[in-house]
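Heads up, the thing below is written out as C-alpha cells.
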Amino acid sequence: MRIGILSSNSKLYSTMRLKEAAAKRGHEVRVVDYTRCYMNITSHRPQVLLAGKALAFDAVIPRIGASNTFYGAAVVRQFEMMHTYPLNTSQAISRARDKLRALQLLARAGLGLPVTGFARSTKDIDGLIQLVGGAPLIIKLLEGTQGIGVVLAETDKAAESVMAAFIQLDANILVQEFIKEAGGADIRAFVIGDKVVAAMKRQGPEGEFRSNLHRGGTASPVKLTPEERSTAVRSAKILGLRVAGVDMLRSNHGPLIMEVNSSPGLEGIEQSSGKDVAAAIIAYLEKNAKPGKTKDRIQG
C-alpha cells in the first residue's frame with residue numbers, strides 16, 4: 001500500500017515512528033509537508049501537487065498542526081476527492097479542532113464534561129463565573145494548544161480580570177469548573193477504531209495544574225476503568241475520528257472529557273505504556289483503507 005504521512009516536520013517522533021512502522025510492514029511510505037502542497041480542485045481531475053509533481057496514495061495519515069488546521073484540512077479534503085482513504089477525515093479534524101463545537105457535540109450525546117460556560121460580552125462575566133460554580137475556575141483560549149492559553153483563576157476577582165482582558169482582545173474563551181480531586185493529573189486514552197489501544201496518566205509538576213508533557217508533566221502507565229474506556233471510544237466516534245487521543249479527568253462523579261485530539265502524539269504514550277501504537281495505526285489502515293471509503297461517519 002502507498003501511504004502518505006502529511007506532516008510539516010519529518011523529524012518529529014510521531015512522524016518518524018509512523019514512517020518506520022509502515023516501512024517495517026512492507027508499505028511504500030512518504031512524508032509530505034502538506035503546507036508546501038498545492039491543489040488543482042477541478043472536478044474532473046482533482047490533484048494534490050508538491051514541487052510540480054502530482055501525489056498519489058492509497059491512504060494518508062494526517063498529522064495536522066493546530067496552527068495549520070484550515071489549510072491542512074483542505075489538503076486532506078482534496079485527497080478525499082481523489083478517493084484516497086484518510087486515517088481521519090477532513091471534517092472530523094476540523095470538528096475536533098473547534099473546541100466549542102466538539103464540547104457541544106459531546107454534551108449533546110450525554111458524555112461527562114466539566115461544567116463549561118461560553119460568553120462574548122464583558123457584561124456577562126459575573127453570570128459566567130457563577131454558572132461554573134465560582135472560583136477556582138479554569139479559563140481557556142479556544143485556539144490554545146499544549147496548555148498554552150489556559151489559566152487557573154483562584155478568586156472571582158482574578159477570574160473577572162483575566163476574562164475581561166481576553167474578551168477585550170477579541171479572544172474566544174471557555175470557562176470551566178476546576179476539578180480539584182483530579183490533583184493536577186489527567187488520563188490520555190489512545191483510541192484506534194473502536195478500542196483503546198494504550199493509556200497513560202499525565203501528572204503536572206508541583207504547583208502546576210496543567211499536566212501537559214510539553215510543560216514538564218510526567219507520564220506513567222494507567223489501568224482504565226470500563227467506564228473510562230467506553231467514554232474514550234464514544235468520544236472519538238461522536239466526533240467522527242478513527243484515531244484520537246481522548247483527555248479525561250477523574251472526578252468524584254466519573255470521567256470528564258477535557259479534549260479530544262485528532263493528531264495525538266505517540267512519544268509519551270508509547271514510552272509510558274510500552275505499546276507499539278504506530279504499528280497498531282498501520283494495522284488499522286491495512287484492514288480498513290479501501291478506495292472511495294472517504295465519507296465522514298457522522299452529521300452535525
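Throughout, read-outs are computed from the coordinates displayed, never taken from laboratory work. Remember, it's a predicted structure, so these values are computed and weren't measured experimentally. With ideal geometry, Cβ positions are generated from the backbone for all residues, glycine too; neighbour counts draw on all protein chains shown.
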Given Lys201/Lys275; Lys99/Lys140; Lys99/Lys157, the pairs whose alpha carbons are separated by over 21 Å: Lys99/Lys157
Ranking of His83, His44 by count of other Cβ atoms within 10 Å, fewest first: His44, His83
Chain lengthening between Met1 and Ser121 when straightened (0.36 nm per residue, less Cα-Cα): 38.0 nm
Spin-label model distance (nm) - Met81 vs Ala51, 7 Å beyond Cα toward Cβ: 2.4 nm
On Cα atoms only, tilt of 69-81 relative to the major axis of the chain in degrees: 40 degrees
Net dipole in debye of the chain [+1 Lys, Arg Cβ; -1 Asp, Glu Cβ; about Cα centre; nearest 20]: 1260 debye
Charge-dipole axis of segment 1-124 as Lys and Arg at +1 and Asp and Glu at -1 on Cβ define it, positive-most pick from Val76, Thr42, Gly110: Gly110
Using alpha-carbon coordinates, inclination of helix 99-108 to the longest axis of the chain, degrees: 80 degrees
Environment charge of Gly268, counting only residues whose C-beta is closer than 11 Å and scoring Lys/Arg +1, Asp/Glu -1: +1
Unit charges at the beta carbon, dipole of the chain: most positive-side option, Asn88, Ile238, Leu142: Asn88
Over the chain: helical MRE at 222 nm, DSSP H runs n ≥ 4 each giving -39500 (n - 2.57), nearest 500: -9500 deg cm²/dmol
Lys, Arg +1 and Asp, Glu -1 on Cβ, resulting dipole of segment 116-178 about Cα centre, debye, nearest 20: 80 debye
Packing-based exposure ordering (other Cβ within 10 Å, fewest first) of Leu6, Leu55: Leu55, Leu6
Label of the coordinate-derived value, percent of Cα pairs over 35 Å apart, listed as (i) 21; (ii) 18; (iii) 46: (i)
Low-density loop cleavage sites - GluC sites (Glu not before Pro) in segment 81-160, where at most 13 other Cβ are within 10 Å (DSSP): Glu154
Mean Cα-pair separation over length for the chain, i.e. relative contact order, pairs under 8 Å, 6 or more apart, %: 19 percent
Nitroxide proxy distance, nm - points 7 Å out along Cα→Cβ at Tyr13 and Ala66: 1.8 nm
Charge context of Leu142, other residues only, Cβ under 9 angstrom, K/R +1, D/E -1: 0
Cα-centred dipole magnitude for segment 2-88, charges only on beta-carbon of K, R (+1) and D, E (-1), debye, nearest 20: 200 debye
The chain: angle of helix 277-288 to the longest principal axis, Cα-based, in degrees nearest 10: 60 degrees
